[in-house]
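What follows is a single structure, written as structure tokens, with notes after it.
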Amino acid sequence: MVEDKVFIEEQFPVSLVSKETLKEGNAKQSQTITGLGKWWGRKELVLIRASILGMLMPVSNEPHKDREIFLKIMTMDDQGLWERCKAIPAKTIFESLTEEEQELYFSVSKGNRTGWDRETSQEQRDEITRRFFYSLSYDEKLEYCHRPEQITGPSEATWAEINSHLETDAYSLQQLIEQLGQKRFGRKPRVGDAFCGGGSIPFEAARLGCDAYGSDLNPVAAALSWAGINLAESEQRAEKVVAAQKVIFEKADQQITEWGIEHNENNWRANAFLYCTEVKCPTCDVLVPLANTWVVGPTSKVIAKLELDRDANRFDIKLVQNATKDQLKEAKEAATYKGSRVYCPACNEDHSIDSIRDTKGMRLWEKSDFMPKENDLFQERLYAIRWEETYIDDKGKEKTRRHFRAPDQEDQKRENKVIELLQEFFGEWHKNGYIPSKPVPTGKETERLHKERGWTHWHHLFTPRQLLIHGTLSKLIKAQTGGEYAAMLGLAKAADWDSKLCRWGTGAARESIAQTFYNQALNPLFNFAGKALPLLRNIFEITPPVLQTETAVIEITDARQVFIENDLWITDPPYADAVNYHELTDFFLAWYDKHLGRFFPDWYTDTREALAVKGKDEGFKRSMVEIYKNLAANMPDNGLQMVQFTHQDPSVWADLGMILWAAGLQVTSAWTVSTEAAIGTREGNYVQGTVLLILRKRLNDLDAFDDELIPEIEDAVKDQLDHMTAIDDQDHPNFGDTDYQLAAYAAALRVLTQYSEIEGINIENELYREKQKGVKSQFEKLIDQAVEIACNHLVPDGFDETHWKNLSADERLYLKGLELEKHGELRAGAYQELAKGFGVREYQFMYAKTKANAVRFKTAREFGRSNLKDHGFDASIVRHALFAVHETIKQESAQQGVNYLKTELKGFWNDRKKLIEVLRFLSRLEHIDHMDHWETDAEAASTLAGALENTNG
């Protein structure tokens, strides 16, 4: 083994880790610890597992063997994937076989159901299934696989290979991690996270057998992290916790049933309640119910119809069952609130909602309020109830069916009873913390609650019915012994899925209720929905993950005040106000409040906003330097840190580099793992990757002059890119275009952060100076140069290096842009960064499409005759080649393209080979599934290249 180096500093299978990360992320609520409660940007456990292993596994002089062993440990090799394989439907395998094999191994019933033939042995079934499985791509295999965490690990035979290479004697992940820790640190490895958030890092570290540590300033984060590690240390303990929650829920159900507020005269049980906000029309003074659609049930074919009641000066809301297609369309278009404007069906006038607020005035709610007062600007109205009927079918089986009904007089009596009960309990429940009593703090996310609706306290975000149900659960939690911590988390989850910020019908054919935090904001709604108690069961009753660990510590503390040494620090710090955790989590703390204080008397129960690391100004940067300086101090000299970082702004990158430099840390490598949806599936120019920045302590005292850095950075960038190219896997490429660009950032930071001082650059001044638009720091300029070096060094696959270097910057930008598109990159930001790397400012004319996630450059035909000038890109070899392709297609003759080039291109004979190289590159864009717009042009380029090769002087 190579002394001191670890796997993640040399290589990392980013492509496969990305695929596994996305698979886990797509599991949504069925992920292992997401069920404990809401947190924003939780990192997937498979990413944490790969990171910890990569930071502990030593490297040898055989990089390909190192990669092979890493994948075996992660069960991401062929054998590991097969061990993770779930049952594959017989029909799927049947369709992959020849007709002869189908007849031999399968039988098809009269109902056209396909199944294995009884004569087919289990060994034959396994062999055929394995053959089918191995024929699939990695992505296709994943569809039939468990996640790595869902199996025990590699097979016994695989462990023998792993041990032989790593010189270990392990037969479980926990044994391997401990032995690797002993080899490197002389003990079981200690892994810490000082921004533990939702708890992914300490949880996975503990599960792998490390001594885990997690801390966070935010009590909600600490509560979730503590729960993940401590809530169920065994299956027996988990069963007791689940049983205790069931007791609480059943008692609540008995109470709700006894009150009679969720059952009607047919003994149907309410399932969901649909509400709208009403506001008086400034023109006709009629009370208008607000909704952006009056389709109530798109699959049930139920719509709401507004009928004006002149006497009451308001609208009756009637429900129409079995609506026709035209009625559904009409209801969808009959919005009374759209684009921030109120449309009144009584007078056909529309008004801006802001102007109504300004004209009418809006009262701020008081602490004692739990519903609007009679003269408030905004009223809240129940307009539909979804009921669930239980019945016995013809076969004697118990079944349910659902009905939408508009509330009648009996329903209104039940609503009044809810209000009466809440009024009776309100004071006591506030005092004891059964329902929130805290004011909503002023902030960026919370301001709209005050401004748009007048809500000043957290309980204002819930209807009386929601407060009564949640308060009942909350009171029962205090009375229960055992499982109450999980129930406390369940209460907060219920609040997330059952508030006045929950949308009804989140898609074209959805009849469901979305959670409050479907995004990173608090968005007041004019049309919302609430759950009846039965719909809350699966949300409230948490199944804790079972985790056996000897040492795991969770603290609530400022990262600057952490004094526990860890061998590996893995952190995902806040940056540039990406998420306002201190504001959003106060929503949950309002429900935890006194409950959390009972479990942890020493914990505070506010968000410590004043201490929260947020923003991007000087104060934020100084805080970050203090934090990472402290973590470096609490780490052995051979320890490592990983900073998980998601940002696409080079200036933010420069700031982060300087922060880490000032903290005494040195960058050793960086990798980008995809943690978001596939490119093109989301609107907007989203960051889709998480950067894993690997750091060590800077133990030397080296100085450098700024004029010496450029050649050193150039060598570092080229060496890094050449190394990545050499070890890349052709079948499962590790690296995409953006990874190579990122590698340039990392190489530059690796050079810069190795020096304790750089003559000509005052790091402190550059880091803490006030930014001026268009003015870059010297540090930022060096990083930009690194990207430019990378762009110039990376020659497109199959392109002659000599010809490439003789192209102009804008020519290389265009061709590399096509290569980006070829690799599936459609984000505008990627093309912008590419242009910046080549130093090209004017490139917008190259775009055929500019939509954020559908960007691409023009084809030869799309360029056509436009912009043919005698300078710049229009006078270039590439542009002439494109026009010659256009002429070849238009005239249906390659000779016409050749004639054009001979006539119009000065120095044609000198540039003929370069032209052929460009055309051959364009021809390779043929037959690419997502680039069918190049099909004709690429074919013409191939024909024209052949014609040029046969052209004689």
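Bear in mind these aren't lab numbers, they're just calculated from the coordinates by the rules spelled out. Model, not experiment: these values are computed from the prediction. Here the Cβ positions follow ideal geometry from the backbone for every residue, glycine too, while neighbour counts run over all protein chains shown.
Couple of notes before you dig in:
- At an R0 of 41 angstrom, the distance between the Cβ atoms of Asp703 and Tyr847 translates into a FRET efficiency of 0.35.
- Fewest-first ordering of Arg401, Arg912 by other beta carbons within 10 Å of each residue's beta carbon gives Arg401, Arg912.
- The relative contact order of the chain, computed from alpha carbon pairs under 8 Å that lie at least 6 residues apart in sequence, is 11 percent.
- Each part gets one Cα centre, and for the range 495-549 versus the range 255-285 those centres are 18 Å apart.
- Cα centroid of the range 20-90 to Cα centroid of the range 800-819, whole Å: 37
- For the range 216-306: span of alpha carbons on each principal axis (Å, largest first): 63, 44, 29
- Order of Leu491, Leu721 - criterion: other Cβ atoms within 10 Å of each residue's Cβ, fewest first: Leu721, Leu491
- With only the Cα atoms considered, the range 15-116 has a convex hull volume of 162 Å³ per residue.
- Here the simple spin-label model places points 7 Å from the Cα toward Cβ, and for Asp117 and Gln561 these points are separated by 7.4 nm.
- Subset of Lys697/Lys836; Lys360/Lys594; Lys5/Lys43 violating a 30 Å alpha-carbon distance limit: Lys697/Lys836; Lys360/Lys594
- Isolated cysteines in the chain, defined as those with no second cysteine Cβ under 4.7 Å, comprise Cys85, Cys145, Cys196, Cys210, Cys276, Cys502, Cys791.
- Using just its DSSP H runs of length 4 or more, each adding -39500 (n - 2.57), the chain gives a mean residue ellipticity at 222 nm of -14000 deg cm²/dmol after division by all residues.
- Environment charge at Ile542 (Cβ cut-off 14 Å; Lys +1, Arg +1, Asp -1, Glu -1): +2
- Cα-based helix-to-principal-axis angle, 122-134 vs the chain, degrees rounded to 10: 60
- Separation between Cα centres of the range 866-942 and the range 206-234, rounded to whole Å: 61
- Cα-based Lys pair tally, the range 434-512, threshold under 28 Å, eight or more apart or on separate chains: 13
- Degrees between helix 173-185 axis and first principal axis of the chain (Cα, 0 to 90, nearest 10): 60
- Fully extending the segment from Ile727 to Asn292 would add 151.2 nm, taking 0.36 nm per residue of separation and subtracting the current Cα-Cα distance.
- For the range 251-540, the residue among Gly339, Leu319, Ser512 whose Cα projects farthest onto the positive side of the dipole built from Cβ charges is Ser512.
- Whether the range 251-540 is rounded, prolate or oblate, judged on the alpha carbon gyration tensor where a/c under 1.5 counts as rounded: oblate
- Applying the criteria of a DSSP loop state and at most 13 other Cβ atoms within 10 Å to the trypsin sites (Lys or Arg not before Pro) of the range 435-467 yields Lys444.
- Percent of Cα pairs exceeding the 16 Å cut-off, where the set is the range 831-953: 62
- Folded to 0 to 90 degrees: helix 63-73 orientation relative to the chain principal axis, Cα: 20
- For the range 275-334, the relative contact order works out to 31 percent when only alpha carbon pairs closer than 8 Å and six or more residues apart are counted.
- Residue separation of Glu801 and Lys397 scaled by 0.36 nm, minus their Cα-Cα distance, works out to 138.1 nm of gained length.
- Counting beta carbons within 10 Å around each of Cys281, Cys196, Cys210 and listing the fewest first gives the order Cys281, Cys210, Cys196.
- Checked against a 24 Å cut-off, the cross-linked pairs Lys301/Lys399; Lys251/Lys531; Lys822/Lys851; Lys773/Lys816 give Cα-Cα distances beyond that limit for Lys773/Lys816.
- Residue-span extension gain [Ala243 to Gln891] - 0.36 nm each, minus C-alpha spacing: 225.4 nm
- Relative contact order (%) - criterion: Cα under 8 Å, at least six apart; region: the range 801-949: 20
- Estimated distance in nm for a label pair at Ser300 and Gln79, the labels positioned 7 Å out from Cα along Cα-to-Cβ: 5.5
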